[in-house]
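Written out below as structure tokens is the structure these notes cover.
The values are calculated or read from the model by the stated rules, or taken from the named source; none is laboratory data. No experiment lies behind these values; they were computed from the predicted model shown. FYI the Cβ positions are ideal-geometry reconstructions off the backbone, even for glycines, and counts take in every protein chain you see. Each accessible area value is taken on the protein alone, full model and side chains, heavy atoms only, with ligands, DNA and RNA left out. Shrake-Rupley method; radii C 1.70, N 1.55, O 1.52, S 1.80 Å.
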Amino acid sequence: MTRFNRILILVALLMFSTAAFAMMPATGNWRLDTLNGGDSFNSNFWEDSNCVLHWYGEIVNYTDMLTINLDAGEGAALNKSTDGYGSYFLGLYRGDAYGPEWNNIRFGYGYELENMNLGIMINRQGTSATTAGDGGGDVKETWHDFGFGIDYQLNDETNIDASFTMTKGSSEDLDDDDDNDLDASGMAFGVRAFRACKKEGMTIIPVFMFSKMTPMDDVTETTIALGAGMDYEINDGNNLILGLNWQKYTNKDERGDGDAVETSQTTFPGMSLAVEHEFFDWLTVRAGATKRWIKAENDAENVQMSYPYNLNFGAGIALGDWQVDLGLNTDWLYNLGYWVHGNITDGEEPIAGIQAKLYF
């Protein structure tokens, strides 16, 4: 195939992509953000270098690489192995879920044993600000995460990941007494397994996740989720994963003088379909779709049902020692102008986000 034809195919791919990222928070990992189809739980069905941020035992499995996130989740991370001394992870990010402009730095370490890998991750985030006007002053907020993980090879057919994270946060009004200060704490636990079936090329992936967070006094947020994926290697270069999950989020607020106020949101079922196809040696095409049945309710017996559907499309391009993953924007095709569909609208960028990985 000529270089010119390859360029034409890539341009066509960008033009006819079908992504919808509006329903999901982008993390900067555009491979997983595409394959999870808009539901981050489905990311656990896929193995990827970004798993080290949640499954800490995987640190030793993705080493000697530099990861650069552009746009959402902007930052860079280095994961380096050393002879006999384990693997080291350093991540410098612009922000995270706790705040878009916060100081964010992660340190990780992994060590390989005979049939298991151990990993730890420490995350420090913080910000300080001076606000003007009535009631203004100096405010400082910090978050600290400490995580521990195990990647355990149970036998030739089964591999198990487990991780545990503790979170501590605080908000301080430096110009006032302690009445306005807030303390937060939480924990999260997860376990998943990759079980190879007797049928060649098929793997079953059960996942369980639990978290409990106290963002302020007398407010508790609890999330529990479980699901299973079936990874089927159709043939060389084609992987398909079907997934099914149940998720429940509960918020309990006991700050008032009366009874506690409780609201919840339940997803059941959540269904997913994702495929990754190696189009050429240098080009991988991927897509992920989800359909969810979501019920939201509160103590007043108000119930609301929603049935969101989402489809994402993306691509990965190999450039020597670089791997570039793209999140593609479906709206771009419909903003090309009158010569395509008869409407003239404002332009939309074709690429929603980029993540680049350098292997060395």
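Inspect all residues belonging to the stretch 215-228 and state whether any of them is touching a strand residue (DSSP E or B) at 6+ places or on another chain (Cβ under 6 Å) and over 25 Å from Phe146 (Cβ atoms). So far as the stretch 215-228 goes, yes, one or more of its residues are touching a strand residue (DSSP E or B) at 6+ places or on another chain (Cβ under 6 Å) and over 25 Å from Phe146 (Cβ atoms).
Let's see how each residue does on (1) out of contact with any Gly (no Cβ under 9 Å at 6 or more places or on another chain); (2) over 30 Å from Glu141 (Cα atoms):
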{"position": "Ile205", "(1), (2)": "no, yes"}
{"position": "Pro215", "(1), (2)": "no, no"}
{"position": "Ala260", "(1), (2)": "yes, no"}
{"position": "Thr267", "(1), (2)": "yes, yes"}
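Which residues, taken from the stretch 75-108, are basic (Lys, Arg) and modelled with pLDDT of 95 or more? Full working, then the answer.
Going residue by residue through the stretch 75-108, those that are basic (Lys, Arg) are 80, 94, 106.
Passing the criteria: only Lys80.
Any residue in the stretch 61-68 that is acidic (Asp, Glu), touching a helix residue (DSSP H, G or I) at 6+ places or on another chain (Cβ under 6 Å) and either farther than 21 Å from Leu113 by Cα or touching a residue at least 24 places away in the same chain (Cβ under 8 Å) (or both)? Among the residues of the stretch 61-68, not one is acidic (Asp, Glu), touching a helix residue (DSSP H, G or I) at 6+ places or on another chain (Cβ under 6 Å) and either farther than 21 Å from Leu113 by Cα or touching a residue at least 24 places away in the same chain (Cβ under 8 Å) (or both), which makes the answer no.
The rows are residues; the columns are (1) modelled with pLDDT of 90 or more; (2) closer than 28 Å to Tyr109 by Cα; (3) surrounded by 15 or more Cβ atoms within 10 Å (Cβ to Cβ).
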{"site": "Thr142", "(1), (2), (3)": "no, yes, yes"}
{"site": "Leu154", "(1), (2), (3)": "yes, yes, no"}
{"site": "Ala188", "(1), (2), (3)": "yes, yes, yes"}
{"site": "Val191", "(1), (2), (3)": "yes, yes, yes"}
{"site": "Lys199", "(1), (2), (3)": "no, no, no"}
{"site": "Lys248", "(1), (2), (3)": "yes, no, yes"}
{"site": "Asn251", "(1), (2), (3)": "yes, no, yes"}
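For the structure I just gave you, tell me whether Thr63 is modelled with pLDDT of 90 or more, surrounded by 17 or more Cβ atoms within 10 Å (Cβ to Cβ) and part of a loop (DSSP other than H, G, I, E, B). Step through it out loud before you land on a result.
Values: modelled with pLDDT of 90 or more: yes; surrounded by 17 or more Cβ atoms within 10 Å (Cβ to Cβ): yes; part of a loop (DSSP other than H, G, I, E, B): yes.
For Thr63, the condition - modelled with pLDDT of 90 or more, surrounded by 17 or more Cβ atoms within 10 Å (Cβ to Cβ) and part of a loop (DSSP other than H, G, I, E, B) - is met.
Number of residues in the stretch 45-60 that are polar (S, T, N, Q) and open to solvent by 20 Å² or more (accessible area, probe 1.4 Å): the value is 1.
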